[in-house]
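The values are calculated or read from the model by the stated rules, or taken from the named source; none is laboratory data. Fair warning: this is a prediction, and the values are worked out from it, not measured in the lab. With ideal geometry, Cβ positions are generated from the backbone for all residues, glycine too; neighbour counts draw on all protein chains shown.
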Amino acid sequence: MIVVFYLNAGSSIQSGRPPPCFPETCISLLYFAIIGLAGFFVAMWGAIETVFGFLIRPGYLEFQSGPLTEPQPGSGPEDESIVSMARDLQRKIRRPRAGEISSLAWSDNHPWYMVGWKRPRLRKPFVILLSGDLRGKLNIEEWKTLLTYYFLALKPRVPTFLAFMLPVFGALLLLPVVGIVIGMAYGAAASSFYRLFVAVPLTLIAFLLVFPTAKWFMLRNDRWIARHMGQKRLLDLFNKIDSLQPPRIENSKQRHGLILHLWPIPNITERIKNLSDD
């Protein structure tokens, strides 16, 4: 909204006077803001699709032609034990709060480092979704450790989240305000110079920093979880999963250089190193 206000009323603000008919123009500015947000998300979606198109190669993104395989319902003693442990953890950690876990399903498209949820209908119980790469590969104690890791990751951690959000998004919100102040104090020429040579480059840099910051947030969350459930216990589990060499995990290890640095999700090698150095 601030950006739209600046772009539409910037010429009047730079002279120190409010725009004509202000605040009657607020409705128009609101319309422009809504249209601008819609255009932003459409452009963002197009940009992401374009980037994904370049990243579909080994080590970056996987491409699967045709429809994705449906999750397979769990059955057997192992699955019943996992569901029972998941229910106990749901009651202890109180996440998720709405509904109760009824069963589990295995998906070949689900990542190993997080738990998924599937609900047939709005008021139906949850179906817990697990990675098919780990089916039948872990013992009961290892599943208990992994489920504890999953559920602790669901707990909100406001300080860490704010440490992730404030530097980047605070800068993005501050840039238009600085532009308005410069326009009011030094005129249109200074405002245009600031917008072209300062605001735009800094916006691009802040956008790029979102990705490594997201990785930092996940690794820091891993250390927090390890302190609560035992660092050696979690580290041994990560090493066990790494030793299984699932194709997706092995594929993620092929990222190098700038792609590895900017990739927002740490691979298992980075997670193991993160816990080993703590």
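Looking across 219, 209, 173, 237, one residue alone is farther than 30 Å from residue 143 by Cβ and in contact with a helix residue (DSSP H, G or I) (Cβ under 6 Å, 6 or more places away or on another chain). It is 209. Which residue is surrounded by the fewest Cβ atoms within 10 Å (Cβ to Cβ), if the candidates are limited to region 129-152 and must be of a type in the set (Lys, Arg) and not in a helix (DSSP H, G or I)? Top of the filtered list is 137.
Every residue, every condition in (1) among the charged types (D, E, K, R); (2) crowded, with 19+ Cβ neighbours inside 10 Å; (3) touching a residue at least 40 places away in the same chain (Cβ under 8 Å), yes or no:
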site: 226; (1), (2), (3): no, yes, yes
site: 238; (1), (2), (3): no, yes, no
site: 246; (1), (2), (3): no, no, yes
site: 249; (1), (2), (3): no, yes, yes
site: 252; (1), (2), (3): no, yes, yes
site: 258; (1), (2), (3): no, no, no
site: 262; (1), (2), (3): no, no, yes
site: 266; (1), (2), (3): no, yes, yes
site: 273; (1), (2), (3): yes, no, no
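Only a single criterion out of (1) surrounded by 13 or more Cβ atoms within 10 Å (Cβ to Cβ); (2) farther than 22 Å from residue 97 by Cα is not satisfied by residue 173, namely (1). Residues of region 117-132 that are closer than 17 Å to residue 149 by Cα and modelled with pLDDT of 90 or more: 128, 129, 130, 131. Report yes if residue 210 is exposed (fewer than 15 other Cβ atoms within 10 Å of the Cβ) and not assigned by TED's automatic domain parsing to the domain that holds residue 117, otherwise no. In short, no. Taking the stated definitions as given, is residue 167 in contact (Cβ under 8 Å) with a residue 24 or more places away in the chain, of a type outside the set (Lys, Arg) and on the phi < 0 side of the Ramachandran plot? The answer is yes for residue 167.
State all residues of region 86-102 that are modelled with pLDDT of 90 or more and either part of a loop (DSSP other than H, G, I, E, B) or buried (at least 16 other Cβ atoms within 10 Å of the Cβ) (or both); if no residue qualifies, say none. First the steps, then the outcome.
Taking region 86-102 as the starting set, the residues that turn out to be modelled with pLDDT of 90 or more are 86-89.
Across region 86-102, the qualifying residues are 86, 89.
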